[in-house]
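Below you'll find the structure, written out as structure tokens, and then a few comments.
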Amino acid sequence: MRRLVPSTLRGQLVVVIIATFVVAQGVSLWFFVDERSLAVRAALGLEAADRAANIVRLIEEAPADLRPAILRAANSPLVRFSLGPAPAVDHPGHDDGGRTARRIRTLLGEDDARDIRVELHRVEKAMAPMPGMPEEAMGMHGEMMRGAAAPVEMQISVAVAGGQWLNVATRFHSPPLQWPWISIAIFALTAVLIVGFVWLALNRLTGPLRRLARAAERLGRGEPVPELPEQGPEELRSLTAAFNDMQDRLTRFVAERTRLLAALGHDLRSPLTAMRLRAEMVEDDETRERLAAIIEEMQQMVEATLSFARGMATSEPPETVDLAGFLGDLAREAREAGGEVAMAEGGGPPLPVRLRPNAMRRALRNVIENAVRYGKRAGISLSRGEGVARIVIRDEGPGIPPEALERVFDPFVRLEESRSLETGGTGLGLSIARTIIHAHGGEIRLRNRKEGGLEAEITLPLGEGGG
């Protein structure tokens, strides 16, 4: 059922409006048919009453030998008249509220003295044709009996002068639903006009929403987004204004943090240089070497801090690149640097992704270098997920404790106990990688493999043409 419902807001609103229109038309048609049926029945009943009153007058005023001819002339396919000593309505039954009897008395110009009996009931089972029914009326009777329409039978018995009774038997049925082609054409034209006007009117509502969704996606990827125009209904204008304010605050916050880190790393270079010069003046060789090693570690941490700050910056313009070729270049560079890095056979499907190449290269290089440093060798695979590109970087190392899988992304966290820069680095590599990946609207997760080693899964949203 969900496949039949449009996924867009505009499509769903159109479906709701059309469904409401169809239901309203159906209810109106049902009431119309019911009212039409009642009107037709009332008209047929009154017509039978009028004819009965006229026949009573003729019978009472005409000679006795003309009565059979009068009755024959009055008969019709669905209304039969007969004259007899007993009333056909000889027991109380359902009538029409006395309307038929009052109509006959009014036409006869009499009071309530004349005995008039009326019985009205629905025929629930097949009935034999009325006595004397002509052959051409048999077809109509057959349709009624086949259930095409539920017939109603009315019997009228009117006392006639001389002790006789005029018995009238008539049958009529609910008129069939008539839906001529002109009505269908009008209904279809009305529906098309409604859909057209609604579709155009909803564009004023959904257009700003689509622009807002695209802007939010670009902002999540770290791309520059111009201020959106405040258009549409009041609620949409308020939402757009809130988005513009949020974007401005986020941009200023990231810029201030980036400037703070860059300034801190830059200002630390001067005292570190002075400390290095002072350390060279120490006479004790062991102390001098120890101080130089500490200063060198601090210097590398400063450089890593500056690199971290550059990773948070979003000044680099984004580009659409083929991720398979992008990863292939990184794997080749790692191998040229002496690392054992293997790309999955075939390199993976062509997946266009919007990213800032230099920043993303730094992030992925950090993850690959970690895999080579701790796992001896690294394997890279690329696949397509639902709206994302999935990069998996595996190593064959010892893995890391489960409780540290998230902590290693914190700045300056190193699980390597020796605290050596050669073996443990500065502890900023994964922090920089996650910062850059998050800035692209992606995600990175670590997990230990059952067969041994660590696996880093990186997902990035596909760019234009990526599905």
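The values are calculated or read from the model by the stated rules, or taken from the named source; none is laboratory data. As the structure is a computational prediction, the values presented were derived from the model and not from experiment. Ideal geometry is used to build each Cβ from the backbone, glycine not excepted, and the neighbour counts take in all protein chains shown.
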Restrict the check to region 98-107 and report whether at least one residue is modelled with pLDDT under 80 and more than 25 Å from A62 (Cα to Cα).
yes
Return the only residue of G399, G441, G427 being touching a strand residue (DSSP E or B) at 6+ places or on another chain (Cβ under 6 Å), more than 28 Å from T320 (Cβ to Cβ) and either outside any strand (DSSP E or B) or modelled with pLDDT of 85 or more (or both).
G399
Among (1) outside any helix (DSSP H, G or I); (2) acidic (D, E); (3) under 30 Å from V225 (Cβ atoms), there is one condition E283 misses while meeting the rest; what is its number?
(3)
Out of (1) buried (at least 17 other Cβ atoms within 10 Å of the Cβ); (2) in contact with a helix residue (DSSP H, G or I) (Cβ under 9 Å, 6 or more places away or on another chain), the odd one out for V388 is which?
(2)
Just to be sure I understand, how many residues within region 56-73 are without any contact (Cβ under 8 Å) to a residue 24 or more places away in the chain and either over 12 Å from V160 (Cβ atoms) or touching a helix residue (DSSP H, G or I) at 6+ places or on another chain (Cβ under 7 Å) (or both)?
11
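Somewhere in region 231-248, is a residue modelled with pLDDT under 75, within 22 Å of E443 (Cβ to Cβ), part of a helix (DSSP H, G or I) and out of contact with any Pro (no Cβ under 8 Å at 6 or more places or on another chain)? Quick ask: steps written out before the conclusion?
In the first step, residues of region 231-248 are kept if they are modelled with pLDDT under 75; the result is 232-233.
Narrowing further to those that are within 22 Å of E443 (Cβ to Cβ): none.
No, the conditions are met nowhere in region 231-248.
Would a scan of region 448-465 turn up a residue that is of a type in the set (D, E, K, R), touching a Pro at 6+ places or on another chain (Cβ under 7 Å), modelled with pLDDT under 85 and farther than 18 Å from R373 by Cβ? Steps first, please.
Quick first cut of region 448-465, residues of a type in the set (D, E, K, R) only: 449-451, 455, 457, 464.
Add one more test, that the residue is touching a Pro at 6+ places or on another chain (Cβ under 7 Å), and what stays is 464.
Applying the additional criterion that residues be modelled with pLDDT under 85 yields 464.
Those still in the list that are farther than 18 Å from R373 by Cβ too: 464.
Looking for residues that are of a type in the set (D, E, K, R), touching a Pro at 6+ places or on another chain (Cβ under 7 Å), modelled with pLDDT under 85 and farther than 18 Å from R373 by Cβ, one finds at least one in region 448-465, hence yes.
Examine region 115-134 for a residue that is assigned to a helix (DSSP H, G or I) and at pLDDT 65 or above, and state whether such a residue exists.
Step one: of region 115-134, the residues assigned to a helix (DSSP H, G or I) are none.
For region 115-134, residues assigned to a helix (DSSP H, G or I) and at pLDDT 65 or above: absent.
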Among the residues that make up region 342-350, is at least one of them of a type in the set (A, V, I, L, M) and farther than 17 Å from R394 by Cα?
no
Return yes when V192 is within 32 Å of the chain's Cα centre (by Cα) and in a loop (DSSP other than H, G, I, E, B) and no when it is not.
no
Would you check which residues across region 213-243 are within 30 Å of F21 (Cβ to Cβ) and hydrophobic (A, V, I, L, M, F, W, C) and list them?
A213, L236, L239
Right, A363: within 30 Å of E256 (Cβ to Cβ), modelled with pLDDT of 85 or more and either in the same structural domain as N448 (by TED's automatic domain parsing) or touching a strand residue (DSSP E or B) at 6+ places or on another chain (Cβ under 6 Å) (or both) or not?
yes
